[in-house]
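The structure appears below as structure tokens.
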Amino acid sequence: MKFGVIVFPGSNCDHDAWFAVNHNLGHPAEFIWHDSATLGDIDAVILPGGFAYGDYLRCGAIAKFSPVMAAVRKFAADGGLVLGICNGFQILVEAGLLPGALMRNRDLKFICREVRLRTETLDSAFTAAAERRQILRMPIAHGEGCYVADKRTLDELEAEDRIAFRYVDNPNGSMRDIAGILNAGRNVMGLMPHPERATEPLMGSSDGLVIFRSMLMAAVTAAEPVALRA
Amino acid sequence: MSTLAITPDLIAQHQLTEPEYRKIVEILGREPNYTELGVFSVMWSEHCSYKSSRLHLKKLPTRGKLVVQGPGENAGVVDIGGGYVIAFKIESHNHPSFIEPFQGAATGVGGILRDIFTMGARPIAVLDSLRFGPLDDPQAGPRNRRILQGVVAGIAHYGNCFGVPTVGGECIFEACYNGNPLVNVFALGVAKREDIFYASAAGVGNPVIYVGAKTGRDGIHGASMASAEFTEESKQKRPNVQVGDPFLEKLLLEACLEAMQTGAIIAIQDMGAAGLTCSTCEMGSRGGTGIEIELDWVPQRETGMTPYEIMLSESQERMLLVAAKGREDEVFRVFRKWGLDAVAIGTVTGDGLLRVKQHGRTVAEIPNRELADEAPLYDRPHRPRIGAERARGRAGEGAIPNAQDALMAVLGSADICSKRYIWEQYDYMVRTNTIAGPGADAAVVRIKETGVSVAMSLDGNSRYCCLSPREGAQLAVAECCRNLATVGAQPVAATNCLNFGNPERPEIMGQLVEAIEGMSEACRFFETPITGGNVSLYNETLGEGIWPTPVIGIVGLMQTAAPVTRDFKTAGRTIFVLGGVGECDEVHFGGTEYAKVILHELWGLPPALDMDHEKRVHDAMREIVAAGLAESAHDVSDGGLAVAVAECCMGSVGAALSFESRLRHEYLLFHEGPSRILISSAHPQAVEAIAARHGVRAERAGVTMNYALAVGIRGATVISVTIEDLKAIYEESLEKQLRS
């Protein structure tokens, strides 16, 4: 399986995502420069963390106009796997690929710490390898990770089982403890915590691999002839 | 403006003395014009020229078998094997951080990061040494709290956005920093050995290229501001503080590293203090060449700027480089990709002159070497401390609380308590190399390419240095090396930041000289050559100087592996004080945290240091770590044994300790004698065998246990407290003080 990692000006977890996939997951990954019109021959795309365009104006507000985002939209519409981590989540929300918004943390401060996430659904390409209600340990590192949406959207996310992860101890004031969500097609996920920072024991946790392994499973399933599927 | 008459008043405003001015006239063979006067004033400022300290800095050891580049470049460079090197340095941004805490600290981070990637190294770690006035000071408290919040937010803003992890540091509070907070930032980067770049202009006819942010009127005279005491008028200097843009710096980093790979770049230097002036004349001076620039070509974000303003601007996120003639386009292409300005503004010449033109007319012409290297050198009068030691004050026996109350008070004091509130605002793990982060004895960052990890620690104790600058500086080096040994690393090189008051006062100059000599001796002994650093003088406000505050940063190497950490892990392990519980008397107790927090006094001398013993403790410790015998390890320092043990209990495992010592209780529990490390181990005999081989005591102090910390002295329980209670005090104190 081949991953593409988008590099916006100001991305700074691009290399971490690349390393996690390439080195710790053992699958090839390549960088895709933000002004590229196409994604090339990849099976999944990662929008990494960082401060795309300095997060000026609003997190992700400028990045959504990068040429590559048109290709990402098309890739997602065609059912391709899109994972937005931290700033990548913010960009996906700004681009309209995921609902809601990410606001300043409740305490108005940047927070870097390990948190616990509860897996809320196994029905997605990003969580299928998890166990039911599995608790995953991975870090957060953001100043604007407080997830907000109107009540209808939140109800809809819950009704459609599109909340992928909730915080066990909500660090940033996110509504309904939301840490990560899925789109209606269940092939686009955004989350504020950093799974790529939890992919080997030296990092303090390997739980992030659950997400990447889920993506591998999904890709393998998608590659099988229809007749072989359950 | 260049025709402005040079009057004695104008010269004085530029903080140049009469003899200095005469030297300028001698160098030029004529009177300088206004622009030239400005150029000389910044290059010959204390901040840029080290004119008061240079004579003494020469005493520092700078060579070592791993040192690739010592002082004199943008950063020191050390070989870490496997074809890789690290570049690192510490710098102060004290004055700007007092005037405008957020931007002052932010641009402090930005400046040191540029020093690192100018060398071709990608920054992989930042540490900060911070000093503020007490948060609960009746008068200055609110301002001190505001300064701390601003400084921390500024460091977080810049480092987080740039994408460098802030992995450690220290934060101390003393009244002497009420009007002079200290912000010292250390940065470290990594590069392939052959990819290191230097700032030495070469090749007559080669283009001089300006890259990065446009030049504005910000920061003019920042270097001179940092070379004077604060007065009431200093508040008006807020416009002298620059505004940082970490996003632009991130682009500059990527563009510079990419452009360096083209092979078309010959030399590169960042524009930090003294901006375009410093970068042009220093690159020319190092290469023995001249540089000619045309100011009309300098990207400017304001109109009508004079040569004086352009040359002295300290606008951030700018670089100057020399490219190979004919290959400019390769450089321009890279910077265009990253959306940055890159413009040829001049050429390297053979005449050794810095020639500045505007609209085709020469507006300044100064010999590079004289400007950069011939700054006046002062052997300022210096006086050693009078009276060997301060006498103990009034506080009597009656004031001494029981050991447990004392522990809780010291553990909850601002110096000792957890700084989580600060470091959680820093992204300390971006780049996924942080193996030991904030809160550890030493920060450890792995080098993914080689399997080696770099351990780093910053240390400085101004209470000790106030009592004896020489011993205080030695103790800082010893503690720094001990911190590295505690995680299993071998110290290899150092950088220093010397924060002092006004050097024109003999007693201050005396502190500086003693501290440098002490540091020098210790660095020689521990084989940690100083590869660069920074001197910050005139840390005085309204005549009140800071205590001498030399800060040392030492880097060490170790094989990449999960490091030994502070917290006790398992109940039932044997606890050792490697190095023994030590000795103490009244004289050597006066600089401790106990004396500060409980007795509100400072007297006597710093703890006594035996460097030979200290080194043997480190060697033993490294061997214990290498053999996998230490389940936890923690350096005993500020707050002494009681605090060190309490800190080891912050996981979930406590300890039961008992001592037979005849020392007075507060001495035994709170003295800060060096050369001691707390270890818990499942293999006590093996630990003892190693210690014995190094001629070091491994004193059994007790065992780890669940839920609580209990300490007994000669059969009597003096401390018995649950881990919950310890944690509550330790973790919540700082935030409580900030919210008070």
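Where a number appears in this text, it was derived from the coordinates with a stated rule and is not lab data. Everything quoted here is computed from the prediction, not taken from an experiment. Cβ atoms come from the backbone with ideal geometry, glycine included; neighbour counts cover every protein chain shown.
Side notes on the structure shown:
- Paramagnetic label zone (point 7 Å from Cα along Cα-to-C-beta, A:ASP123; backbone N under 16 Å) in region A:168-191: A:181-188
- A Förster radius of 22 Å, combined with the Cβ-Cβ distance separating A:GLU200 from B:ASP567, puts the computed FRET efficiency at roughly 0.55.
- Taking the DSSP beta bridges with both ends in the protein assembly as shown, the antiparallel portion is around 75 percent.
- Cα-Cα separations in region A:76-197 greater than 18 Å, expressed as whole percent: 45 percent
- Prolate/oblate/rounded label for region B:582-737 (Cα gyration tensor, a/c 1.5): oblate
- Whole-Å semi-axes of region B:495-602's equivalent ellipsoid (Cα gyration tensor): 33, 23, 14
- Residue order, fewest to most beta carbons within 10 Å, for B:CYS48, A:CYS86, B:CYS481, B:CYS417: B:CYS417, B:CYS48, A:CYS86, B:CYS481
- Between the alpha-carbon centres of region B:242-283 and region B:1-53 there is a gap of 27 Å.
- Peptide B:427-438 has a mean of 6 when you count, residue by residue, the C-beta atoms of other protein chains within 10 Å of its C-beta.
- Considering all C-alpha pairs of region B:1-96, those separated by over 15 Å amount to 72%.
- Using bins of 5 Å that start at zero, the share of Cα-Cα pairs per bin across region B:373-529 amounts to 2, 7, 12, 14, 15, 15, 13, 11, 7, 3, 1, 0, 0, in whole %.
- Global form of region B:246-333, assessed from the alpha-carbon gyration tensor, a/c cut-off 1.5: oblate
- With the gyration tensor restricted to C-alpha atoms of chain B, the semi-axes of the equivalent ellipsoid amount to 47, 28, 22 Å, longest first.
- Set against the 2.2 N^0.38 Å expectation for a compact globular protein, region B:686-725 has a Cα radius of gyration ratio of 1.59.
- Residues of region B:649-683 with amide N under 20 Å of the 7 Å Cα→Cβ point at B:ASP405: B:664-671
- Note on region B:651-693 and region A:141-186: Cα centroid distance 49 Å, given to the nearest whole angstrom.
- Dipole magnitude for the protein assembly as shown: computed about the Cα centre from +1 point charges on Lys and Arg Cβ and -1 point charges on Asp and Glu Cβ, it is near 1000 debye.
- Size descriptor, Kirkwood hydrodynamic radius, that averages inverse alpha-carbon separations across region A:25-65, Å: 12.1 Å
- Overall form of region A:61-134 per C-alpha gyration tensor (a/c, 1.5; a/b vs b/c): oblate
- Formal net charge of residues neighbouring B:ILE345 (Cβ-Cβ distance under 14 Å; K, R +1; D, E -1): -1
- Estimated dipole of chain B in Debye, rounded to 20 [Cβ of Lys and Arg +1, of Asp and Glu -1, Cα centre]: 940 debye
- Positive-end residue of B:CYS171, B:ALA656, A:ALA218, charge dipole of the protein assembly as shown with Cβ unit charges: A:ALA218
- Our analysis of the protein assembly as shown gives Rg over Rh at 0.98, with the two radii drawn from alpha carbon positions and Rh computed by the Kirkwood formula.
- Pairwise FRET efficiency - B:LEU542 versus B:ALA608, Cβ, R0 = 45 Å, nearest 0.05: 0.80
- Lys/Arg +1, Asp/Glu -1 at C-beta; region B:491-635 dipole; positive extreme among B:GLY545, B:GLY579, B:MET509: B:GLY579
- Helical content of chain B, expressed as a calculated mean residue ellipticity at 222 nm, amounts to -10000 deg cm²/dmol (DSSP H runs of 4 or more residues, -39,500 (n - 2.57) each, divided by residue number, nearest 500).
- With viscosity 0.890 mPa s and temperature 25 °C, the Kirkwood radius over alpha carbon pairs of region B:54-163 converts through Stokes-Einstein to a diffusion coefficient of 155 µm²/s.
- Efficiency of FRET between B:SER652 and B:GLN559 - r from beta-carbon atoms, R0 35 angstrom, step 0.05: 0.75
- Dmax and Rg, reported as Rg then Dmax, of region B:414-475 (C-alpha, Å): 15.3, 45
- One compactness figure for region B:609-658 is 1.31, namely its Cα radius of gyration divided by 2.2 N^0.38 Å.
- With a 10 Å cut-off around each Cβ of A:44-54, the average count of Cβ atoms from other chains is 3.
- When restricted to Cα atoms, region B:124-221 yields an Rg and a Dmax of 19.0, 62 Å, respectively.
- Residue (of B:TYR210, A:HIS27, B:LEU135) at the positive-pole extreme of the protein assembly as shown, dipole from beta-carbon charges: A:HIS27
- Note on chain A: Cα convex hull, mean projected area over all directions, 11.7 nm².
- The spacing between region B:172-218 and region A:6-85, judged by their C-alpha centroids, is 31 Å.
- Computed [θ] at 222 nm, deg cm²/dmol, chain A (DSSP H ≥ 4; -39,500 (n - 2.57); rounded to nearest 500): -6000 deg cm²/dmol
- Measuring spread by the Cα atoms of region B:137-182 yields a radius of gyration and Dmax of 12.5, 38 Å.
- Each Lys or Arg adds one and each Asp or Glu subtracts one; over the other residues with Cβ under 15 Å from the Cβ of B:GLU46, this totals -2.
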